[in-house]
Structure formats: C-alpha cells, structure tokens
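Below: the structure, in structure tokens.
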2 protein chains.
Amino acid sequence: MRLILAEYGEAVELVEMPPWVRSEDLLALNPAGTVPVFVDETDGPIAGATVIAEYLAETRGSRVGESTLMPITPADRAEVRRLVSWFLDKLDDEVVGYLITEKVLKRLAPASNGGGSPDAAAIRAARSNIRYHLRYIGYLVTRRNCLAGRELTFADLAAAAELSCADYLGEVPWEEDATAKEWYARVKSRPSFREILADKVRGSLPATHYADLDF
Amino acid sequence: MRLILAEYGEAVELVEMPPWVRSEDLLALNPAGTVPVFVDETDGPIAGATVIAEYLAETRGSRVGESTLMPITPADRAEVRRLVSWFLDKLDDEVVGYLITEKVLKRLAPASNGGGSPDAAAIRAARSNIRYHLRYIGYLVTRRNCLAGRELTFADLAAAAELSCADYLGEVPWEEDATAKEWYARVKSRPSFREILADKVRGSLPATHYADLDF
C-alpha cells in the first residue's frame, strides 16, 4: 500500500495496528478486523490490499499518465491480478508469513497473544520455499522485463514489498537468482521505496545490506 | 464462476479436476495449480476466481447492459470486492472449506491423499461460525436490498455459491436469519442458478430442500 501511495503521490497519515490487539476502531472501519484499511476523505474506508490497489488505480491512476501500475487490456490486467495474488497470498503463505510470525511477531507479542520462541521448522520451510519463488521471479523478468509485462505494475510492487520483509530479516538468498536480484535492485531504487528502506522494526535491526541500493 | 458465466450468457465446457490429483495440464494453465481456470479462446488461461470475475466483467459485462454485476463508481466497486473476499476467503475458511473437506473430500479422496473419517471438531467449528455469517448477510440485505447495494453483484453470487455448497450438505441453519433466507431464495430463483441446483456430488445426495425454490 505504501509503495502504491508513493507512486501515485498520495500523502497519508499512517496508523499502526498490532495484529494481536482487538481494536473496535479497526472493526468499525473493516468488519474483518484486518489491515490494510485506506480511509478516503470522501469515500470512507476501503479495506483489503487488492481492493485498495484497484480503488487507487481507479481514482488516482490518471494522475501519473500512462504509468498507472495497471495495464489497459483485460488479459494484461488479469495477469497483473494473478501475480498480485501469487505474491500476496502464495509467497506470503509459504515464506514471508512464517518469517514475520516466527522472527518478529512472536518476539513482540505478549505470551498471552501468541508471543514466545520461534518455531525452527516454520523458518526452515520458509528458507526452502523462498528459492523457487526467486527463480519464478527471475523466469518472469527474463521473459518480460518487469513481472507482468514490459512496465512496472502492482505485481512488481507486491513482490518487492513481500521480499523487502524477508530481506530486512536477512532471509533472501539473492545468490539463488541473479535476474531476480537485478530486478529487485531496480524496484528498490525507485523513489517510492525510500520510506520502506528507512523502516525500523522495534527490537530488530535490518540486515546490513537492507537499504543498500547496490547490494 | 458458473453463476457469472450463466449471468453473462457465456457457454463453456466444464472440466473437473479432483483437488488431490497433481495435474501437469492444470499447472501449465495456472502455475499455482489451483482452480478455477477460465480458458478464453483469444486470451488463453485466466486463473483465479476473482481474477476471472474481473476479466469477465471487462470483456463480457457490456453484453448485459446496466446489470453487469459490477457497479460503476470506485467506492461501490470497492465494496463489491471487499465482500467477494469476505465470502470467498473468510466464509470459505471459517465454514464452507471445513464442510467440503470433512464431509465430501475426505470421502472421495484415497487415504494416501487425505481421505479418511471426518474431523468432528472442524464440522462443529463450521456449524458455529455459519451463524454469524448468516446474520451478517441479513444485516447487509436489510440495509441495501442486495449484499453490496441495490443491485445484484459479484458479492451476491460469491455468497450464494458458498452457501449453496453448505446447503447441499444440509448445513445452513436458515431459521437463524429470515432476511438472509429471503435473499437466498431470490438469488436461487435466478435462471443462472438452475444448473447449480441440478448438481449431484458423487456418493452424497443433496439435502431434500436443496433445489426447492420455496424452502
């Protein structure tokens, strides 16, 4: 969401919600109780990552001329949506969700809300699974330049956002695929990425190369 | 998917894929190995329920004039997408996925692929969770007529499709919410639903009221 907002030049005030806290304010904005929620001044709350992305493309996309992050033809748009789901659902389920849960959330959450020591088996699964995801990214980039086609789209931002979480934790084996690494260096160099690279997670320093554009 | 295709008057040839079989043909159409996949004569494979829905709205929506199943304004479209995700993801995770796995798939699948006796705790969880989903549907219909607004949209079809699976198994406590029941009777009476009501699952008869329009 932050990458899309920055690409579209949309300023927002960020509000952090710890995932282990039940918040009535959040439930009022999104009955599912999940983040992200984008609160538009006119239209009110828009809930869910892909829902917000489509909404921003429809309402802010024209600001940036042809580079709207969403292509024009139905088939190209379908490919972007397929890949966004691949990265936000599948890469997240198989890799990034495990890493964030085990290495970040279990440290920050109180014991009564799932805090505790990390599950080594889950981290091993993530380390194994991330390799084929990197190779898939390399395969797509070799054929297309960007993930869903010639131009940067939501698919690139979704993949880069997920990978940046793993990269912060030093968990991306970049040596696995040189093309994927070159693609990530390109996305990471965009002005929209600057804020992400300045992030600090409480109680956990980023990997030394995390913010390095020439890693 | 079948409801949307029928609403748009699109004829398709259906191909069934047992979820426990690894199919190279399916992987070639969708690297995630999941259904549904819609194979368009010109554009090729389009994978994933919400991806296909958006694609069909963009390519076939104009056939049916104003009742395209997807509203015009960005805020209304966002509400449809939020609810589609609510039903296909959340209602499926909390209710219908359990019922199908425990009561259907475990019976049909070989023991080596997850077949076996049903988990009573999972079925109990589904029976408990479905109640608040029915009340949420009733709440939405009371305020809006259809789930996402005045008109029928993908949100209604997503909810009705999920509920029809539970209803086949006799697992929808319709007495819980009269408004939800009235809404389902309306959706179920549409010509697009006819094929769904004629479905038979191998080795499992539908609940006696399943195809009854006045249940």
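Name every residue in the stretch A:114-161 that is farther than 11 Å from A:Trp183 by Cα and surrounded by 20 or more Cβ atoms within 10 Å (Cβ to Cβ), in order of residue number. Across the stretch A:114-161, the qualifying residues are A:Ala126, A:Ile130, A:His133, A:Tyr136, A:Ala148, A:Thr153, A:Phe154, A:Ala155, A:Leu157, A:Ala158, A:Ala161. Taken over the stretch B:35-52, the residue count meeting the criterion of being within 9 Å of another protein chain (Cβ to nearest Cβ), β-branched (Val, Ile, Thr) and touching a residue at least 12 places away in the same chain (Cβ under 8 Å) is 2. Please tell me if B:Ala78 is in a helix (DSSP H, G or I), touching a residue at least 40 places away in the same chain (Cβ under 8 Å), within 11 Å of chain A (Cβ to nearest Cβ) and of a type in the set (Gly, Ala, Ser). Answer is no for this residue. For the stretch A:53-75, the tally of residues that are in contact with a helix residue (DSSP H, G or I) (Cβ under 7 Å, 6 or more places away or on another chain) and in contact (Cβ under 8 Å) with a residue 60 or more places away in the chain stands at 4.
Assess whether B:Arg77 counts as being open to solvent by 60 Å² or more (accessible area, probe 1.4 Å) and out of contact with any Lys or Arg (no Cβ under 7 Å at 6 or more places or on another chain). In short, no. Among the residues here, A:Glu195 does not qualify as among the acidic types (Asp, Glu), touching a residue at least 12 places away in the same chain (Cβ under 8 Å), open to solvent by 20 Å² or more (accessible area, probe 1.4 Å) and part of a loop (DSSP other than H, G, I, E, B). What are the residue pairs meeting all of these: first residue in the stretch B:88-99, first residue in contact (Cβ under 8 Å) with a residue 24 or more places away in the chain, second residue acidic (Asp, Glu) and not in a helix (DSSP H, G or I), Cβ atoms under 8 Å, and 6 or more apart or on different chains? Here the result reads B:Leu99/B:Glu171, each pair linking the stretch B:88-99 to a residue that is acidic (Asp, Glu) and not in a helix (DSSP H, G or I).
Given the criterion farther than 26 Å from B:Leu56 by Cα, touching a strand residue (DSSP E or B) at 6+ places or on another chain (Cβ under 9 Å) and among the acidic types (Asp, Glu), identify the matching residue among A:Asp92, A:Asp25, A:Asp40.
Working: A:Asp92 fails: touching a strand residue (DSSP E or B) at 6+ places or on another chain (Cβ under 9 Å); A:Asp25 fails: touching a strand residue (DSSP E or B) at 6+ places or on another chain (Cβ under 9 Å).
Criteria check complete, one pass: A:Asp40.
Regarding A:Ala6, is this residue away from every other protein chain (no Cβ under 12 Å) and buried (at least 19 other Cβ atoms within 10 Å of the Cβ)? Let's see the steps before the verdict.
Working: away from every other protein chain (no Cβ under 12 Å): yes; buried (at least 19 other Cβ atoms within 10 Å of the Cβ): yes.
Yes; evaluated as a whole, the condition is true for this residue.
Residue-wise test of (1) within 20 Å of A:Asp156 (Cβ to Cβ); (2) among the hydrophobic types (A, V, I, L, M, F, W, C); (3) open to solvent by 50 Å² or more (accessible area, probe 1.4 Å).
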{"site": "A:Leu14", "(1), (2), (3)": "no, yes, yes"}
{"site": "A:Arg22", "(1), (2), (3)": "no, no, yes"}
{"site": "A:Asp25", "(1), (2), (3)": "no, no, yes"}
{"site": "A:Thr42", "(1), (2), (3)": "no, no, yes"}
{"site": "A:Pro45", "(1), (2), (3)": "no, no, yes"}
{"site": "A:Tyr55", "(1), (2), (3)": "yes, no, no"}
{"site": "A:Leu69", "(1), (2), (3)": "yes, yes, no"}
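Answer yes or no as to whether A:Ala28 is over 22 Å from A:Leu105 (Cα atoms) and assigned to a loop (DSSP other than H, G, I, E, B). Steps first, answer last, please.
Values: over 22 Å from A:Leu105 (Cα atoms): yes; assigned to a loop (DSSP other than H, G, I, E, B): no.
It is false that A:Ala28 is over 22 Å from A:Leu105 (Cα atoms) and assigned to a loop (DSSP other than H, G, I, E, B).
Within the stretch A:53-70, can you find the residues that are away from chain B (no Cβ under 14 Å) and small (Gly, Ala, Ser)? A:Gly65, A:Ser67, listed by residue number. Note on the stretch A:46-68: residues that are of a type outside the set (D, E, K, R), assigned to a loop (DSSP other than H, G, I, E, B) and at pLDDT below 95 amount to 3. All conditions in (1) under 15 Å from the mean Cα position of the chain (by Cα); (2) under 29 Å from A:Met17 (Cβ atoms) hold for A:Ala122, with the sole exception of (1). Taking the criterion of being within 23 Å of A:Ala178 (Cα to Cα) and open to solvent by 50 Å² or more (accessible area, probe 1.4 Å), no residue of the stretch A:93-113 qualifies.
The values are calculated or read from the model by the stated rules, or taken from the named source; none is laboratory data. Keep in mind it's a predicted model, so treat the numbers as computed, not measured. So basically every Cβ, Gly included, is an ideal-geometry build from the backbone, and we count neighbours across all protein chains shown. Surface areas here come from the heavy atoms of the whole protein model, side chains and all, with no ligands, DNA or RNA. Shrake-Rupley method; radii C 1.70, N 1.55, O 1.52, S 1.80 Å.
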